[in-house]
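As structure tokens, the structure follows; a few thoughts come after it.
The values are calculated or read from the model by the stated rules, or taken from the named source; none is laboratory data. This one's a predicted model, so the numbers in the text were calculated from it and none came from an experiment. Neighbour counts run over all protein chains shown; Cβ positions are idealised from the backbone, glycine included. For accessibility, only protein heavy atoms count, side chains too; no ligands or nucleic acids. Shrake-Rupley method; radii C 1.70, N 1.55, O 1.52, S 1.80 Å.
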Amino acid sequence: QVQLVESGGGLVQAGGSLRLSCAVFKSILSINTMAWYRQAPGKQRELVAAIARPGPTNYADSVKGRFTISRDIAKNTVYLQMNSLKPEDTAVYYCNARDIPHSYWGQGTQVTVSS
């Protein structure tokens, strides 16, 4: 079992920035992949960004150049820095840990971007 606790969501104007944090109650170096997903009302949950255990990252096309996923191994925390936010980024953001064969989710944090 891997417990994940997200924080950092909120309301921001378009063009602003937010940083989400995901505290992981396990060594993140023992987890295959850490990722951020988001789900907007009426839409499916989608992958936003992921970081694999060795370090490579990947991003959804819609956030490339604006969002950055990173990790602090000593703090067992994963971050999502979100810049140049757009109203279409409004969603509940979820932290995910893929600890094969298991997948764990946080409770989600709301991000709302006003125009």
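If I ask for residues that are at pLDDT 95 or above and of a type in the set (K, R), which ones from the range 1-59 would you list?
If the condition is that a residue be at pLDDT 95 or above and of a type in the set (K, R), then R19, R38, K43, R45 are the ones that fit.
Which residues, counting only those in the range 8-57, are of a type in the set (D, E, K, R) and under 12 Å from A91 (Cα atoms)?
Correct list: R38, K43, R45, E46.
Can you say whether R38 is in a strand (DSSP E or B), open to solvent by 70 Å² or more (accessible area, probe 1.4 Å) and within 22 Å of S114 (Cβ to Cβ), as far as the supplied structure shows?
Criteria not met by R38.
Looking only at the range 79-107, filter to residues that are assigned to a loop (DSSP other than H, G, I, E, B) and farther than 20 Å from T68 by Cβ; which one of those is modelled with the highest pLDDT?
Step by step, filter the range 79-107, then rank; the result is Q107.
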